[in-house]
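Read through the structure below, which is laid out as structure tokens, and then see the notes.
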Amino acid sequence: MSKIKNILTVIKEKWKPHFVFAILAFMLYANTLNNYFVLDDGIVLTHNQFTQQGIKGIPAILKYNSFIGHWINKADLQTSQNLMKEMKIVVGDRYRPLSLVTFALEVEFFGKENILPNSHNDRFLGNAFISHLINILLFLFTACLLYSILTRLSLTGKDKNWFFSLSFIVTILFLAHPIHTEVVANIKGRDEIMALLGSLGALWFSINYIESNKFRYLLWSGLSLFLGMMSKENAITFLAVIPVTLYYFKTRTIRKILISLFPLIVASSLFLLIRAIVLGVSFEPSDSENTLLSPFAEATVIQHFATIFYTLFLYIKLLVYPHPLTYEYSPYHIEIATLSNPIVLLSLLFYAGIGIYAVYGLIKKREVVSWSIWLYLLPLSVVSNIFFPTGAFMNERFVYFSSIGFVVFIGWLIVTYVPKIRLPISFGGKRSNTKLTRYLTSAVLVMIFCLYAAKTISRNRVWKDNFTLYITDAKTSENSIQASFMAGSAYLQIAMYPDNEDEALLRNEYCDKAAQYLELTRQLQPYSYDVIVQLGNLYWSCYKDVAKSLHYFAQALQIPTLLNDEIIKAVKQILTFTHALLDDNQVASTPEDILQSCDELLSVHPDMGEAIYLKGIIYGKFLHNTGLALVNFQNALTMDFPKTAEFYEYLGTAYGISGNYQEAIVYLLKAVESGTNDYNTFINLGLIFQQLGDKENAQIYMSKGNEMKNK
């Protein structure tokens, strides 16, 4: 019994920290459980055809680019792949299938009904509870594994109590740091969580191998890192982190470190081979002039690297003082920097200094501080834009891995220097001084934790839905092209599809906000296809400003892309409805402005019969220029577009007014054959027959017209 009691005591003591972590993790992120799907969640889950198929979609998830399942909703597979290359939707290819597999399993076991839209707009995409719960649990498991690894590395400090150990303090800080909200509160961030979980798992098994010399742990370490890389490519940085860590804390035997490294190299090579087979190998640089797609497009080589070090300094700033946070750090929230910028110079000196100290620590003095620098720098290297383009200046999720190095350093400062604080009063005795040290350590830790927690919990609320995220962060990133665009699009979506009476009443205000943000985006990025198209949608949907809407769509059609087929359909619909709106005086544009926009449209798409037809209507009905009306109707007749009864009515009427009665009869009769219900067509036919002396037909059609008129 005593042995069982001792075992239970050991288990109880061993798992106490993990219970604390569980409580804290849910305390920090419980308010995400009622959040919806936001931002890129649509790409990987809610609007991804492969994940929506559940288990049946897993083979396709493993076979193709991780984003193709989203774009295939708009086109067939080959067209989707061509579209992604043509539009340069992201810089570089993405192969991160493992997190998408988990999303497919969610759909399989919890059903599509949990993620289908329950409104016209994407603010409220179903019930995301399960997805958020899984993210929290995976984040919790990562923290528990981190604590276990740090304990195995003997990072405990001088205090024997686990709750004052360096391992515990570091893990608490890791759990609470607000910079992790983008990863945990955004469901798409699961790729980061799983990648770090797999990487730490590889480190855990590598430590097991060093301590036990058992071969099976090498296999598990390789498998764990492979799964991490299948979640996200930056797990490959642990190829360097793991041997550095082993060298610092576990063994100085290079041979053993190399043996532990072998399965990791095999796993990495296998992943890179699979990735190359799936995506191909391309060394083409990003040549896009669109700063939405390539943020360094406007920078010289020197400015490019200056801006990189400017953002590297911002990472340090956000780790030390995580406010304000935003999902969008694109131009021009961050400006192109030069070497004369003092922040750039400070950053260069800082990173050079810590880099030199890290190398010195590796060679001469293997201790926690220099190791924490390696933990920070190595994962940061692949997302810094120094070696590989990421498609963004920076993002909070990019330092999810590196934040471990930062919290290790902060934890080391707490356990090293707080005990050295000496108050000007004596408490007498070593025991009292130990208590005082613990009180001070607790006070410092609680203060930092509470500040972090307050920021984390409040930031989670911003990730509630697309609308909340976009309009909040547009104020933070007020000069950001992307943030302005997304805020404008969010306001436009609500204006078009209000979810309640209050939103319907605020429609005009939302339209004006959408116009404000989208026009700002247009000023910042004049050549963005998405922005131009959205402005076309805005002026049609909100204001019925046909001229401006057609103007922007005409500009969009000047940019060759596979998406233009959808734009042409939208334009044709606008052209079809415009003349009816002109009749009811519901158009914000003048007839002259609409004619100008039609000409602009026809200069890009000369065979658009609907535009020529509308010009004929405007010339004849609103500008009373029968000659130009007839010319446009005749041109439209040769075009391939649906010829309605109304079209033949206008054409026949124009011929009649111009005195060409024979042609007028031909097309007015076609209108009748097409099923017109306009009594004027019959009356006009009657009048023309009367002019030609055909009293019988004149009587027939006049009578029919008057009969229809009197009904």
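FYI, it's all coordinate maths here, none of it is from the lab. Values in this document were obtained by computation on a predicted structure and should not be read as measured data. We place every Cβ from the backbone using ideal geometry, glycine too, and count neighbours over all the protein chains shown.
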Gap in Å between the Cα centre of the range 646-707 and the Cα centre of the range 14-51?
69
Tell me the chymotrypsin sites (Phe, Trp or Tyr not before Pro) within the range 321-429 that lie in a loop according to DSSP and have at most 10 other beta-carbon atoms within 10 Å.
387
Inter-probe distance in nm under a simple model that places probes 7 Å from Cα toward Cβ, at residue 216 and residue 369
4.2
Beyond 28 Å (Cα-Cα) in this structure, taken from 16/364; 188/455; 14/188, we find 16/364; 14/188
Need the list of aspartates and glutamates near residue 435 for cross-linking: C-alpha distance under 17 angstrom, and skip anything on the same chain fewer than eight residues off.
159
Below 8 Å, C-alpha to C-alpha, sequence gap of six or more: please give me the relative contact order for the range 301-400 in percent.
35
Which of the aspartates and glutamates could a cross-linker bridge to residue 250, judged by Cα under 20 Å and excluding same-chain residues fewer than eight apart?
211, 367
Among (i) 1.12; (ii) 0.98; (iii) 1.03, the entry derived from the coordinates for Rg/Rh (Cα atoms, Kirkwood Rh):
(i)
Any cysteine of the chain lacking a neighbouring Cys Cβ under 4.7 Å - listed by number:
144, 450, 598
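Report, as a whole number in µm² per second, the diffusion coefficient that Stokes-Einstein gives for the range 467-710 at 25 °C and 0.890 mPa s using the Kirkwood radius over alpha carbon pairs.
On the way: Rh = 20.1 Å.
Roughly 122 µm²/s, to the nearest whole number.
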Projected label distance in nm at residue 343 and residue 19, using a 7 Å step from Cα toward the beta-carbon
4.6
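Helix hunt in the chain: which complete DSSP H runs extend at least 24 Å axially by C-alpha with mean Kyte-Doolittle at least 1.6?
Working: long enough: 2-29 (40 Å, 0.60); 129-152 (34 Å, 1.74); 190-212 (32 Å, 0.57); 254-279 (36 Å, 2.09); 301-320 (29 Å, 1.64); 342-363 (32 Å, 2.01); 430-462 (48 Å, 0.15); 507-524 (26 Å, -1.09); 564-583 (29 Å, 0.28).
The answer, listed by residue number, is 129-152, 254-279, 301-320, 342-363.
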Checking the cross-link filter: which aspartates and glutamates have an alpha carbon closer than 12 Å to that of residue 621, excluding same-chain neighbours under 8 positions apart?
583
Rounded to the nearest 500, what is the chain's calculated 222 nm mean residue ellipticity when only DSSP H runs of at least 4 contribute -39500 (n - 2.57) each, over all residues?
-21500 deg cm²/dmol
Pop the C-beta distance of residue 55 and residue 458 into the FRET formula with R0 = 25 Å and round what comes out to the nearest 0.05.
0.05
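Exceeding 25 Å between C-alpha atoms, which entries from my cross-link table qualify? They are 544/670; 56/464; 56/232.
On the way: 544/670 32 Å; 56/464 30 Å; 56/232 22 Å.
Violating the 25 Å limit, Cα to Cα: 544/670; 56/464.
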What FRET efficiency would be calculated for the residue pair residue 625, residue 673, taking the C-beta separation as r and a Förster radius of 30 Å, to the nearest 0.05?
0.60
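Step through the table entries 548/572; 572/643; 643/709; 615/643, compare each Cα-Cα distance with 18 Å, and write down the pairs that go over it.
Working: 548/572 15 Å; 572/643 13 Å; 643/709 24 Å; 615/643 15 Å.
Over 18 Å Cα-Cα: 643/709.
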